[in-house]
Amino acid sequence: MENMVCSYIGMEFISSKKAIEMSLSYSNKTDAESRAATSIIDSVEGRITIISDPLLSDRGPTRPVVLLLRTLATKGYRVKVVAPIVSLSMRRKLEEPNVELIDLGFKYMFSGDTSTLFETWIRETFFRSEPRKITEFAGLTINLSSCLLFASHVWYIQGPVLITVTVDSIYSEMPWRYKVPYKFARPLIDLLDAKFVYNTARASKMMFANSRYTAVLFKSIGLKIDGVIFPPVDMEKFRPTARTPSNDYILTYFGKETKYSTVKKVADEGIKIKAFGGKITPLSKEMLTHRNIEFLGAVDDDQLIDLYSNALFTFFPFTNEPFGYIPVESMSCGTPVLSFGRQGPAETVLNDRTGWLVEDDHEMVKMAKKLWKLKYDPNMRTLCVNHVKKNFDKKIFADKLLKSLKKLG
C-alpha cells in the first residue's frame, strides 16, 4: 500500500504492481463468495441497512440513499439508515413506516455537504484501519457512502473515491491559493485515498459502480466490479410542468464540477443563461455581474423542476463528472442536454436524440449558438422522458440492486 501512487491520465489510473496484486487477491476471494447459490435476501427477513454519507440534504450522493430507502420501505423491507450525521430537516422528511435513522453523532468544524463529507473522509482515513460492523440489526448491508468505512454485503460506488481524480480535473481552473497547497499535499492524499479504497473493498462482498466510467477507473487499479447500476431518479416528482415551455433561456449549474470558462464563452455570445447552485465559488464570482447570466442561488426541487421544464436546453459543461444527476433530471423533465461526450454524461445522454454531445469548448459554443438561434424538434422532449423512464427510474434502481444481490451467499 505504501508503494501505491495513483495518477490520473485521461480516463484511467496508473497504479503500482504491488497494489494490483493485493487487489486481485481480494477479487478472487469475493468472486467465490458472490457466486454462492443461496439467496441472502431470502435469509434476512426483510431487514436492510444502508450506509450513507452525512445526511444533510437529499441532493448529490445522498439522493440515491433517500430514493432507495423509500422504495425498499414501500416494498415492505425494514430499512435502517446509518450516517455520520442526520440533519433535523432530513429526519423530518424521512419519518415514515419501516424506516429508522441512526445518527453516529459526528461533530464537525465546518458545515455544508461537501465540507462534512471531506471531514468524515479525513477522520476515517487517519484514525480508522478496521471497518465498523453492523451487529444489532443484522440483515443485508448496502454501503452507499464515499467516506465511511463499513463492512458490507455491497459497496455501491458513486464515483471515484480517490479525491485526486476530481481535483486534478479542475486544477487548471483553481485559484493559485488552492493550487500550491494541493501540489504539496497530493502525495499524502494519494496514500490516504488508496488506504480507504482498499480497506472498503476488502470489507465488501460485492461492488457495483454508478457508471461504466466509474467501473473502468476501479478496474484499472485491479478491483473487481460486479456490475453497473445507474443512480435513480424520482420520476413521480421530476416530470415536465410546462405544456408550452418558455424556451427563452438555457439552464446551467454552478458547482465544484462546473467548467466556468465555458459558461462565460457561451454567455459572451449573447445567450441568456439561468444558473442555480447552493454556493458561490471563487471561480463563479466574476460571472455574477455578467449581463447574460442570472444566478438564482439554491433552489428547491419544485423550483428546479420548473426551471428544467421551461429551459430551451440544459447546458452542462463539466471538469469531472462520473455520473451527473443534472442531465438525467433535466431529461426527466423533458428538456434535452448539451454536454461533453465523455465520462458520465456520455452514458446518459443520447446524442441527437435526448441532447447533444460535443468534444470540446469550441464545439460546445458553436452548438449552443446554433440551438439558441434555430431551436430543435420539440419531439425530443418526449424522447427525453421515455429514455429516463426506461433506464433511470427509482424502481429500476432498487429492482436491479435486489436482483443482483440474490446471487450473493
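The values are calculated or read from the model by the stated rules, or taken from the named source; none is laboratory data. Just so we're clear, the structure is a prediction, and the values are computed from it rather than from any experiment. Every residue, glycine as well, gets a Cβ built from its backbone with ideal geometry; the counts of neighbours run over all protein chains shown.
Numbers at a glance
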{"quantity": "Among (1) buried (at least 22 other Cβ atoms within 10 Å of the Cβ); (2) in a helix (DSSP H, G or I); (3) touching a Pro at 6+ places or on another chain (Cβ under 9 Å), the one test that Phe323 misses", "calculated": "(2)"}
{"quantity": "Conditions (1) under 27 Å from Asp234 (Cα atoms); (2) outside any helix (DSSP H, G or I): number failed by Ala398", "calculated": "(2)"}
{"quantity": "Some residue of the stretch 125-147 being loosely packed, with under 14 Cβ neighbours inside 10 Å, modelled with pLDDT of 90 or more and of a type in the set (Lys, Arg)", "calculated": "no"}
{"quantity": "Ser339 of a type outside the set (A, V, I, L, M, F, W, C), within 27 Å of Ala209 (Cα to Cα), buried (at least 24 other Cβ atoms within 10 Å of the Cβ) and without any contact (Cβ under 8 Å) to a residue 40 or more places away in the chain", "calculated": "yes"}
{"quantity": "The stretch 209-222, residues that are part of a loop (DSSP other than H, G, I, E, B), touching a strand residue (DSSP E or B) at 6+ places or on another chain (Cβ under 7 Å) and crowded, with 19+ Cβ neighbours inside 10 Å", "calculated": "Asn210, Ser211, Ile221"}
{"quantity": "Residue identified as touching a residue at least 40 places away in the same chain (Cβ under 8 Å) and within 16 Å of the chain's Cα centre (by Cα) among Phe238, Phe196, Phe218", "calculated": "Phe218"}
{"quantity": "In the stretch 245-270, residue farthest from Arg381 (Cα to Cα) [restricted to those that are out of contact with any His (no Cβ under 6 Å at 6 or more places or on another chain) and in a helix (DSSP H, G or I)]", "calculated": "Ser261"}
{"quantity": "Members of the stretch 95-115 found to be at positive phi, surrounded by 13 or more Cβ atoms within 10 Å (Cβ to Cβ) and at pLDDT 90 or above, listed by number", "calculated": "Asn98"}
{"quantity": "Every pair of residues 6+ apart whose Cβ atoms lie under 7 Å, when the first sits in the stretch 354-368 and is of a type in the set (D, E, K, R) while the second is in a helix (DSSP H, G or I)", "calculated": "Asp361/Thr262; Asp361/Lys265"}
